[in-house]
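Notes for the one structure printed next.
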Amino acid sequence: MHNIVQNLVDIQNKINSHLDEHKIDKVPKIIAVSKTFKIEKILPLIDHGHKHFGENKVQEAVDKWTEIKLSNPNIQLHLIGKLQTNKVKFALKIFDYIHSVDSEKLAKKISDEQIKINKKIKIFIQVNIGQEDQKSGTSVNELSSLISYCNKINLDVVGLMCIPPINEDPVIYFEKMKKLNEENKFNELSMGMSSDYLKAAMNNATYLRIGSSIFGQRY
C-alpha cells in the first residue's frame, strides 16, 4: 500500500477506535487537504477511492482538478480557504463545497452566480470562534443574521466551520461550535486539522480537514 494511502487508513483507524472507546457512532469524513501538492502525489488516494479533497486557492484547484473530476465524477472538492468575490464564478465551476462564507456580500455573489450557471453547492459559514482580528469568519453575535440572510437568498447552508486559535487547547472552541451547530439545527460541522482531529471528532465534527498527516509537510 502506498505510504500516503497508509497514512489515511491509519488516521481512519485511529478515529474509529477513539470514537468506539467513547461510544460515539457518528464517524466524520476526512477531507484530504491537497493544497500545494501536485496531482501525482494525490493520485494514490484517488485510486484508493477517497472522495473528499480540500484546496485553498481557486486557480490552483481549477488547474489541478478540472480534468481529474471529469474522469472521477464521485470526487467532492472543498474550498477551505478564503474566497474573494471576484473568484466566485470560477470557484462554483470546480468546487462542490465552500467552507468559508463569512459575509452577506460573499453570500449574495454566490447566490447570483449559482442562478446563472444553474448549480447549487453546499455552504459552510465560517465562524471566527476565537474572536481573532487577523482571522476570517463572522462573529458569533452576527451569525444568526448571516444564516437568515443565506436562507433568504436560497443558499444551501449545511453547517458551520471554524479554525480555532493556534497555541491554545481547541476543545473549548470545538465545544462552542458544537453548541452553535446544534442550536441552528445543522447536520454538518467542519472543524479539526492534523493537530487536533480527534478532539474535533469528539465534538461532533462531520468533516475533518487533514493535510500534513496524510501528505507530509509542505515546503
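The values are calculated or read from the model by the stated rules, or taken from the named source; none is laboratory data. Owing to the predicted nature of the structure, the values given are computational and were not obtained by experimental measurement. Here the Cβ positions follow ideal geometry from the backbone for every residue, glycine too, while neighbour counts run over all protein chains shown.
Could you list, in sequence order, the residues of region 94-121 that are more than 17 Å from the chain's Cα centre (by Cα), closer than 23 Å to Asp63 by Cβ and of a type in the set (D, E, K, R)?
Once the filter is applied, which keeps residues that are more than 17 Å from the chain's Cα centre (by Cα), closer than 23 Å to Asp63 by Cβ and of a type in the set (D, E, K, R), region 94-121 yields Lys109, Glu113, Lys116, Lys119.
Go through region 126-170 residue by residue and tally those that are within 14 Å of Val101 (Cα to Cα) and either among the charged types (D, E, K, R) or in a strand (DSSP E or B) (or both).
Of the residues in region 126-170, 11 are within 14 Å of Val101 (Cα to Cα) and either among the charged types (D, E, K, R) or in a strand (DSSP E or B) (or both).
Could you identify the single residue in Ile210, Ile172 that is free of Cβ contacts under 8 Å to residues at least 12 places away in the same chain and β-branched (Val, Ile, Thr)?
Ile172
Say we look at region 108-137 and pick out the residues that are of a type in the set (A, V, I, L, M) and in contact with a helix residue (DSSP H, G or I) (Cβ under 8 Å, 6 or more places away or on another chain); which of these is surrounded by the fewest Cβ atoms within 10 Å (Cβ to Cβ)?
So the residue we want is Ile117.
Condition check: aliphatic (A, V, I, L, M), surrounded by fewer than 21 Cβ atoms within 10 Å (Cβ to Cβ) and out of contact with any Leu (no Cβ under 6 Å at 6 or more places or on another chain). Does Val140 satisfy that?
yes
Search region 124-148 for residues that are more than 21 Å from Ile110 (Cβ to Cβ) and pair each with any residue that is in a strand (DSSP E or B) when their beta-carbon atoms are under 9 Å apart and the residues are at least 6 apart or on different chains.
Ile129/Leu160; Val140/Val127
Looking at (1) more than 18 Å from Leu160 (Cβ to Cβ); (2) surrounded by 14 or more Cβ atoms within 10 Å (Cβ to Cβ); (3) of a type in the set (Val, Ile, Thr), can you tell me which one Ile98 breaks?
Ile98 satisfies all of (1) more than 18 Å from Leu160 (Cβ to Cβ); (2) surrounded by 14 or more Cβ atoms within 10 Å (Cβ to Cβ); (3) of a type in the set (Val, Ile, Thr) except (1).
Looking at the structure I just gave you, is Ser190 under 24 Å from Ile24 (Cβ atoms) and touching a residue at least 40 places away in the same chain (Cβ under 8 Å)?
Criteria met by Ser190.
With (1) of a type in the set (A, V, I, L, M, F, W, C); (2) under 19 Å from Thr66 (Cβ atoms); (3) in contact with a Leu (Cβ under 8 Å, 6 or more places away or on another chain) as the list, and Leu43 as the residue in question, which single condition is left unmet?
For Leu43, the exception is condition (3).
Could you list, in sequence order, all residues of region 173-198 that are basic (Lys, Arg) and either buried (at least 23 other Cβ atoms within 10 Å of the Cβ) or under 13 Å from Ile11 (Cα atoms) (or both)?
The answer is none; no residue qualifies.
Looking at this structure, is Ile39 closer than 20 Å to Ile214 by Cα, touching a Phe, Trp or Tyr at 6+ places or on another chain (Cβ under 9 Å) and exposed (fewer than 14 other Cβ atoms within 10 Å of the Cβ)?
yes
For region 72-107, which residues satisfy the criterion of being touching a helix residue (DSSP H, G or I) at 6+ places or on another chain (Cβ under 8 Å) and among the β-branched types (Val, Ile, Thr)?
Within region 72-107, Ile75, Thr85, Val88, Ile94, Ile98, Val101 meet the criteria.
A quick yes/no check of all residues on (1) β-branched (Val, Ile, Thr); (2) assigned to a loop (DSSP other than H, G, I, E, B); (3) within 22 Å of Thr206 (Cα to Cα):
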{"position": "Gly54", "(1), (2), (3)": "no, no, yes"}
{"position": "Ile68", "(1), (2), (3)": "yes, no, no"}
{"position": "His78", "(1), (2), (3)": "no, no, yes"}
{"position": "Lys82", "(1), (2), (3)": "no, yes, yes"}
{"position": "Phe124", "(1), (2), (3)": "no, no, yes"}
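I'm told Ile125 meets every condition in (1) β-branched (Val, Ile, Thr); (2) modelled with pLDDT of 95 or more; (3) over 30 Å from Glu67 (Cα atoms) except one. Can you identify the failing condition by its number?
(3)
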